[in-house]
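All remarks here apply to the structure that follows.
The values are calculated or read from the model by the stated rules, or taken from the named source; none is laboratory data. Quick caveat: nothing in here was measured; it's all calculated off a predicted structure. A quick note on method: Cβ atoms are made from the backbone with ideal geometry, for glycine too, and the neighbour counts reach across all protein chains shown.
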Amino acid sequence: MAQFDRHRIQALLADALSAEGDLFVVDLTVSDSVLPKITVVLDGPQGLGIDEIARTTRRLNRGLEEAYGEEAAYSLEVTSPGADQPLTDPRQYARHVGRRLSLKLQDGRQLSGPLLAATPEGLEITEEVPVNKTRKKTLPAVFFPFADIAEATVVISFK
């Protein structure tokens, strides 16, 4: 049975992504089980389409077969982050400008409001605080460096 090295898989993944432009790796996990499972979570400035996932899967699969042999047994899953998944890479924020985010800060505070801007250093958000059951008060915009953010998720709205 092949022993899969995460660093080697990262290099193979970088090669597989080189033709896909701006796609980037959000997460890579390699399970250590009887049938190892390699899970790759990708994203891009405009999100990720099924065609990009299929091409990347084929390229990575070829690279894995070349590196570990065709007889190597593994399960490969290439996917995009789910709508309910936290944003973990600063590059994920730009396409969510205008949407409402929920933030958990390193100091324990929680807040939510529209994302006004995203830079490589952090994000600018206008916090909305409830006044009563039907009204919210919007506070002035605040900049949060990524180091101050413990978790950020897009608030899904069905309005």
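Among residues of the stretch 141-159 that are without any contact (Cβ under 8 Å) to a residue 24 or more places away in the chain and surrounded by fewer than 16 Cβ atoms within 10 Å (Cβ to Cβ), none has a beta-carbon under 8 Å from a residue that is in a loop (DSSP other than H, G, I, E, B) and aliphatic (A, V, I, L, M) at least six positions away or on a different chain. Within the stretch 84-98, can you find the residues that are out of contact with any Phe, Trp or Tyr (no Cβ under 7 Å at 6 or more places or on another chain) and either in a helix (DSSP H, G or I) or in contact (Cβ under 8 Å) with a residue 40 or more places away in the chain (or both)? Listed by number, the residues that qualify are Asp84, Gln85, Pro86, Thr88, Gln92, Tyr93, Ala94, Arg95, His96.
Could you tell me whether Gly69 is at positive phi, assigned by TED's automatic domain parsing to the domain that holds Ala11 and not acidic (Asp, Glu)? Spelling it out, Gly69 is indeed at positive phi, assigned by TED's automatic domain parsing to the domain that holds Ala11 and not acidic (Asp, Glu).
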